[in-house]
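Enquirer: Input: one structure, supplied below.
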């Protein structure tokens, strides 16, 4: 599919073509660097979900190409990880791997060497799931991707390191901040000027990495694993306390409010929402199938409650 005329008018799209970047997203990382200096003095970096490679290109040009001697270049290690293969990039080692598997973290570490002082100073992730158009679903899936990227980072980041990842802005941002501050001293959400104003994307910039005392790095995949069983396998009480929070968050403070709001919904409200969902051609059919029974059950419950209320009168 070709680019739309809107894409072609975009200044960063045109500039990316002119300067040889594989995607306009290269400017997002450069703008993040201008704002936070994340590439200052960095020699070892990991780019997760790297394809098509625009962020790896930035790392190559800023870290590798800027070196004046071969000895300096030999000290630079940039690891790009993705399920897809990419065209080669100067100074970048490519790994085809799944960031939800511990074997991928082990492969990254192997490229840095066994010396604990040779871990990554920077981990970046510009990955995103296929967007459904349902904001809550997209935000949830993106947060699960961040959990996977964070899990890899706990294996490969050195103390004091930096983590940058794409997020979809939403109601869970305060929870995400709490989760990230478990491992980092500082947390920022930043939307670079090269990110389209209409886009809900932004980026977390976390600095000052430090593992909680007693925490054992684990690959966390809430969609695949029993989180509490996973945490118990380490034998670490710290993991047993933190892993469920990292994976799912503590929703105790929000559940009562959300339930209270939903209790105010009438059957008419649910019917209107149901009709909007069914008649929306862009709403994925698989989610319609999943949600149809939920809506119909709630409509039936509200109708029964309404009849009971009238009988009481």
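The values are calculated or read from the model by the stated rules, or taken from the named source; none is laboratory data. Nothing here was measured: the structure is a model prediction, and the numbers come from that model. So basically every Cβ, Gly included, is an ideal-geometry build from the backbone, and we count neighbours across all protein chains shown.
Enquirer: With the condition kept exactly as written, say whether any residue in segment 34-49 is closer than 16 Å to residue 121 by Cβ and assigned to a helix (DSSP H, G or I).
Expert: yes
Enquirer: Right, next: Evaluate segment 139-148: report whether one residue or more is closer than 21 Å to residue 24 by Cα and under 19 Å from the mean Cα position of the chain (by Cα).
Expert: Yes: one or more hits.
Enquirer: Would you please list the contacts, defined by Cβ atoms under 6 Å and residues six or more apart or on different chains, that run from a residue in segment 189-202 that is assigned by TED's automatic domain parsing to the domain that holds residue 165 and touching a residue at least 60 places away in the same chain (Cβ under 8 Å) to a residue that is assigned to a loop (DSSP other than H, G, I, E, B) and surrounded by 14 or more Cβ atoms within 10 Å (Cβ to Cβ)?
Expert: Within 6 Å, the pairs are 200/169; 201/195.
Enquirer: Here is a list: 213, 167. Which entry is in a strand (DSSP E or B) and modelled with pLDDT under 95?
Expert: The conditions single out 167.
Enquirer: Here are some residues: 184, 155. Which one is farther than 30 Å from residue 273 by Cβ, buried (at least 16 other Cβ atoms within 10 Å of the Cβ) and out of contact with any strand residue (DSSP E or B) (no Cβ under 8 Å at 6 or more places or on another chain)?
Expert: Of 184, 155, the one residue that is farther than 30 Å from residue 273 by Cβ, buried (at least 16 other Cβ atoms within 10 Å of the Cβ) and out of contact with any strand residue (DSSP E or B) (no Cβ under 8 Å at 6 or more places or on another chain) is 155.
Enquirer: A follow-up question, please. Any idea which of (1) touching a strand residue (DSSP E or B) at 6+ places or on another chain (Cβ under 8 Å); (2) free of Cβ contacts under 8 Å to residues at least 60 places away in the same chain; (3) surrounded by 13 or more Cβ atoms within 10 Å (Cβ to Cβ) is the one residue 108 doesn't satisfy?
Expert: (2)
Enquirer: Is it the case, given these coordinates, that residue 179 is over 25 Å from residue 15 (Cβ atoms) and not assigned by TED's automatic domain parsing to the domain that holds residue 21?
Expert: No: the conditions fail for residue 179.
Enquirer: Out of 60, 54, I need the residue that is surrounded by 17 or more Cβ atoms within 10 Å (Cβ to Cβ), out of contact with any strand residue (DSSP E or B) (no Cβ under 9 Å at 6 or more places or on another chain) and either closer than 22 Å to residue 99 by Cα or touching a residue at least 24 places away in the same chain (Cβ under 8 Å) (or both). Which one?
Expert: Matching residue, one of 60, 54: 54.
Enquirer: Can I ask one more? Only residues that are in a helix (DSSP H, G or I) and touching a helix residue (DSSP H, G or I) at 6+ places or on another chain (Cβ under 6 Å): list them for segment 74-108, please.
Expert: Answer for segment 74-108, where residues must be in a helix (DSSP H, G or I) and touching a helix residue (DSSP H, G or I) at 6+ places or on another chain (Cβ under 6 Å): 105, 108.
Enquirer: Then there is this: Any chance segment 56-68 includes a residue that's in a loop (DSSP other than H, G, I, E, B), in contact with a helix residue (DSSP H, G or I) (Cβ under 7 Å, 6 or more places away or on another chain) and at pLDDT 90 or above?
Expert: Checking segment 56-68: not a single residue is in a loop (DSSP other than H, G, I, E, B), in contact with a helix residue (DSSP H, G or I) (Cβ under 7 Å, 6 or more places away or on another chain) and at pLDDT 90 or above.
Enquirer: Next question. Restricting attention to segment 216-252, which residues are part of a loop (DSSP other than H, G, I, E, B) and buried (at least 16 other Cβ atoms within 10 Å of the Cβ)?
Expert: Matches in segment 216-252: 217, 218, 219, 220, 221, 222, 225, 234, 236, 249.
Enquirer: Could you please let me know if residue 34 is at pLDDT 90 or above and more than 23 Å from residue 149 (Cβ to Cβ)?
Expert: Judged against the criteria, residue 34 is not a match.
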